[in-house]
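Trainee: Below is the structure I would like to discuss, written out as structure tokens.
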Amino acid sequence: MPRIKSPQLLVAESGTDREGHGLRRTMGLFQLICFGVGAIVGTGIFVGLSDSVAQAGPAVVVSFVLAAVTCVFTAFAFAELGGAIPVSGSSYSFAYAGLGESTAFLVGWCLLLEYGVSVSAVAVGWSQYVNELLDSLLGLRLPDALSAGPGDGGVVNLPAVIVIALAAVLLVRGVRESARATAAMAVLKLAVLVAFCAIGFTAFQDGNLTPFSPAGLGGIGAGTTAAFFSYIGFDAITTAGEEAKNPRRDIPVAILVCIGLVTLLYCAVALAAIGAIGGDRVGGRPAALSHVVDEVTGSGVGGGVIAFGAVVAIASVVLAVMYGQTRILMSMSRDGLIPRVFEKVSPRTATPVAGTLIVAVVFAVPAAFASLDSVVNLCTIGTLAVMAVVNVAVLALRRREPGLARTFRVPLYPVTPLLGVGFCLYLMYETGGTTWIQFAAFLAAGLLVYVLYGRRNSRLTAAGAPVTPDAAERAPSAV
């Protein structure tokens, strides 16, 4: 039988109903919503929009809606489990409670893709808009040698390293400071995108939306897979379970508000951009939003404002996603599945200082030297696999723990989580055979790490805990 930790044991070990492991409760509902927006809205819309348009044309709006539908079904699952099991481990902990330790470890392993690759890719995108901003303000650009990795014609991507370092410094200082900075950046980037829509719609022409779907259903499907990258990060809200003031109430609300807000914003931005200058001039163009504003206004000033918004927006994604990664690693470390250095919390700042610095260094290396375009699909398939597992965990826990206190319940159960699994599998299929082979190799490596290290050092093993769910509830806490 699987080595399962009950929700009650996970909550008890995390200290969620008090102060958890030195973490402090400082985040209210507004901060959680801003944190979610900060984690989602960034490279996907400022940089990745052009890739989605290149695949789907004006029908990219449909692609954004389909990607959002996939996220909504899974957001319901995260909302239910985030309210019922409000701990820092997020989907890793949900899988531990619903499907067992080995699955949980592989979920945590996949989250290295979702958070690690996405942070590195986002940092590389930040570099593009830093150059755009410098060009607009000063007429200068950083040399390729210092603003791109070897795979993109440079030597080292220095701005990418800088933004990761700045995020690490802010995270180390404390959650309250990080939450305030994230809230300010989220409000600013929403204002910039609303301003972009206002400018774009002044030049809107119906003819720019035809042909609406030049590549047909295949293009919409490929565009949906590309657009999905724009939604990655909403699950990071659940990693704040031990630092939210009222996690059982606020986490489900924050997740659903974020998905609705971001979907409306993405569709409006896509329509404004394509309607203003046409899909063929948006698709495949770096810094596409700045280009649209420059074309519409005939001036570089508006594009500079958009570039500034993008610099802020993408920096907030780095901050929020790095936060989520450190909290998941902290949860895995508590369980003994990875080295204990990641669970240590500074009594002065109430943050995992060592874990944050390690994460920053590990994320900065690929951002500085690697071309990450080839692994974006791998990041997407890993994220979709995690989302599918979370939907399955809802089904498993509804059967195993019918009396579990749930502040939010997935509507139309069990149809909704089953649809969530189905949509995730469809988008995983759309990533292509090469990505599946890479993903299988990645999972095999993770399973090997679990067998050689994780299972041997698991605190369930150390405590001699039986593997049945009932016994797991009686297992002694090792913290």
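Trainee: Looking at region 90-134 only, could you name the residues that are over 25 Å from Arg334 (Cα atoms) and in contact with a Gly (Cβ under 8 Å, 6 or more places away or on another chain)?
Mentor: Of everything in region 90-134, those that are over 25 Å from Arg334 (Cα atoms) and in contact with a Gly (Cβ under 8 Å, 6 or more places away or on another chain) turn out to be Val122, Val124, Gly125, Glu132, Leu133.
Trainee: Which residues, counting only those in region 268-299, are at pLDDT below 85 and of a type in the set (S, T, N, Q)?
Mentor: Selection gives Ser290, Ser299.
Trainee: Here's another thing I want to ask about it. Can you pull out the residues in region 4-56 that are surrounded by 20 or more Cβ atoms within 10 Å (Cβ to Cβ), at pLDDT 85 or above and part of a loop (DSSP other than H, G, I, E, B)?
Mentor: If the condition is that a residue be surrounded by 20 or more Cβ atoms within 10 Å (Cβ to Cβ), at pLDDT 85 or above and part of a loop (DSSP other than H, G, I, E, B), then Ile4, Lys5, Ser6 are the ones that fit.
Trainee: Out of all the residues in region 344-355, is one or more charged (D, E, K, R) and assigned to a helix (DSSP H, G or I)?
Mentor: no
Trainee: Another question, then. Among the listed residues Arg281, Arg334, Arg348, Arg340, which satisfies the condition of being among the basic types (Lys, Arg) and buried (at least 23 other Cβ atoms within 10 Å of the Cβ)?
Mentor: Only one candidate passes the filter, namely Arg334.
Trainee: Out of Gly324, Gly303, I need the residue that is surrounded by 23 or more Cβ atoms within 10 Å (Cβ to Cβ), in contact (Cβ under 8 Å) with a residue 40 or more places away in the chain, over 26 Å from Phe442 (Cα atoms) and touching a helix residue (DSSP H, G or I) at 6+ places or on another chain (Cβ under 7 Å). Which one?
Mentor: Gly303
Trainee: Within region 360-394, track down each residue that is over 23 Å from Thr225 (Cα atoms), touching a residue at least 24 places away in the same chain (Cβ under 8 Å) and of a type in the set (A, V, I, L, M).
Mentor: Ala360, Val362, Ala364, Ala368, Ala393, Val394
Trainee: With respect to Ala360, is the statement that it is surrounded by 18 or more Cβ atoms within 10 Å (Cβ to Cβ), modelled with pLDDT under 95 and assigned to a helix (DSSP H, G or I) true?
Mentor: yes
Trainee: Then there is this: Identify, by number, the condition in (1) over 21 Å from Thr238 (Cα atoms); (2) part of a helix (DSSP H, G or I); (3) of a type in the set (A, V, I, L, M, F, W, C); (4) modelled with pLDDT of 90 or more that Leu384 doesn't meet.
Mentor: Result: Leu384 fails condition (1) only.
Trainee: Taking into account only those residues within region 403-424 that are touching a residue at least 12 places away in the same chain (Cβ under 8 Å) and assigned to a helix (DSSP H, G or I), which is surrounded by the fewest Cβ atoms within 10 Å (Cβ to Cβ)?
Mentor: My answer is Leu418.
Trainee: Suppose the filter is crowded, with 24+ Cβ neighbours inside 10 Å, within 23 Å of Ala226 (Cβ to Cβ) and not charged (D, E, K, R); does Ala287 pass it?
Mentor: no
Yes/no per residue for (1) without any contact (Cβ under 8 Å) to a residue 24 or more places away in the chain; (2) under 17 Å from the mean Cα position of the chain (by Cα):
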position: Ala79; (1), (2): no, yes
position: Ile85; (1), (2): no, no
position: Tyr92; (1), (2): no, yes
position: Ser120; (1), (2): no, yes
position: Gly125; (1), (2): no, yes
position: Glu132; (1), (2): no, no
position: Leu140; (1), (2): yes, no
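Trainee: Take the conditions at pLDDT 90 or above, over 23 Å from Thr43 (Cβ atoms) and buried (at least 24 other Cβ atoms within 10 Å of the Cβ) and apply them to Pro247. Does it pass?
Mentor: In short, no.
The values are calculated or read from the model by the stated rules, or taken from the named source; none is laboratory data. Predicted model, so just to flag it, every value in this text is computed and none were measured. FYI the Cβ positions are ideal-geometry reconstructions off the backbone, even for glycines, and counts take in every protein chain you see.
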